[in-house]
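Here the structure comes first, spelled out in structure tokens, and everything after it is commentary.
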Amino acid sequence: GSSLADKEGLPRLYFTAGDNRRFPNQAVALALPEDLEDAVLSRWRTVPELVQTQDTGWMGEFRDPFVWLEADTYFMLVGSGDKDNGGGNAVLYSSPDGIAWENHGFLLSYDYEHNQELGHVWELPVLLPLRDEAGTVVCHILLLCACQIEADVVETYYFLGSWNPEQKTFTKHHDKARLLDLGKGTFTGPSGFVTPDGRSVVFTIAQGKRQFWEEVHAGWAHNGGLPVELSIRAGQLHIQTIREVRSLEKHMHMDCRGGSTEEINHRLRRFPGEMLFLDYTARSHTASVILQWEEGSLEVYYEKPSGHFGVRDEQGTEIGQFRGIEDLVDIGTEPIHFSCYLDHSMLEVYLNSRKSITLRNYPQSSRTFQITGTPESVTLWVMDTAYPEESPAQ
């Protein structure tokens, strides 16, 4: 589900209500805080009546409401599927009060035969404005998580388009769905909101990549990726971590401007870690960042002539997602720039703020970074925890 501040500035939670005693068994429910004086809003009460039952789409597939307030109107997207074209879609609703909703049909018109990777059902539809360098909204992005697909990999896809709240229409700007992340099924579960200063921020679920018995033994499976902000720069979609992440930089291990690759790699070997931020700019046409540990390695690379942004394991096997021309990345004349965030079981790499690769990594030994290419600058930071030591939330 999702949350928002209503017209009076009070918080609301809209969420999927499941009830297998009835069919369709999925609906939208609303919860309100019990105590507005509670700074962390720890207790909520569910409104007794459902705010929306399923009236469109594949019956029994109706979930993940995304609700926002625009001007004086509430809008809601709910994930479902379109039995007419066979693909997933999101149902669009509007309301003057966020309680009684009017159905406007499916949000997106698209050819499922050319987008079968989007699956028969959509989960977690999200619609956000995208601003340019001047802060002007130039288009919107529709994010979705594919579900019930023939392939065994769930991905987060997007369409750029024009959103018209008066006509209640979204017109896509391209026919083929695109990927934000090329890590092959790790970057999933999008949810989003617009910050008070106008940034469109997206949270994700980083899928676990261990065997089931390992997750049972550990007591946990998935976790959240770093929150990212989306924008338009020079007509292209940009993705980067929210600027607040940089406040976690704790100690700088190294700051190299120039120098040979061999010299820099020799220094990088001296700084193993579990929570690191590597910022690497290369002057060459190809470059990569290699994560090494005793049992293996991962290499995230970019080839400017071809536009291929990918990842391979220690055997050289491609383990990222690459469908074809729609997944190529064009950085123009810019130098190659990798922003790499390493956490205990995560590696998140951002290429020139154009595309990301999110990976899971569960080593039994310490890890170090290495680079290839011609370095222009390399910095390495130890990152601090996002949670205060006294906090029970870890």
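Under the condition of being under 19 Å from K250 (Cα atoms), surrounded by 13 or more Cβ atoms within 10 Å (Cβ to Cβ) and not aliphatic (A, V, I, L, M), the residues counted in the range 268-296 number 7. The strands (runs of 3 or more DSSP E) found entirely in the range 223-287 that carry 2 or more residues being among the hydrophobic types (A, V, I, L, M, F, W, C) and in contact with a helix residue (DSSP H, G or I) (Cβ under 9 Å, 6 or more places away or on another chain) are 249-257, 276-282.
Residues in the range 297-310 that are of a type in the set (G, A, S) and in a loop (DSSP other than H, G, I, E, B) were compared, and the one that is surrounded by the most Cβ atoms within 10 Å (Cβ to Cβ) is G307. Restricting the search to strands (runs of 3 or more DSSP E) fully inside the range 1-101 and requiring at least 2 residues that are open to solvent by 20 Å² or more (accessible area, probe 1.4 Å) and farther than 23 Å from Y158 by Cβ gives 11-18, 26-33, 44-46. If you check E348 against the conditions, is it under 19 Å from K209 (Cα atoms) and buried (at least 17 other Cβ atoms within 10 Å of the Cβ)? Considered against the rule, which asks whether it is under 19 Å from K209 (Cα atoms) and buried (at least 17 other Cβ atoms within 10 Å of the Cβ), E348 comes out as yes. Restricting the range 311-321 to residues that are touching a strand residue (DSSP E or B) at 6+ places or on another chain (Cβ under 6 Å) and touching a residue at least 40 places away in the same chain (Cβ under 8 Å), the residue that is most open to solvent (accessible area, probe 1.4 Å) is I319.
The values are calculated or read from the model by the stated rules, or taken from the named source; none is laboratory data. From a predicted model like this one, the values you see are computed outputs, not experimental measurements. In this analysis, Cβ positions are derived from the backbone assuming ideal geometry, glycine residues included, and neighbour counts consider all displayed protein chains. These area figures cover heavy atoms from the full protein model, side chains too; ligands, DNA and RNA do not enter into them. Shrake-Rupley method; radii C 1.70, N 1.55, O 1.52, S 1.80 Å.
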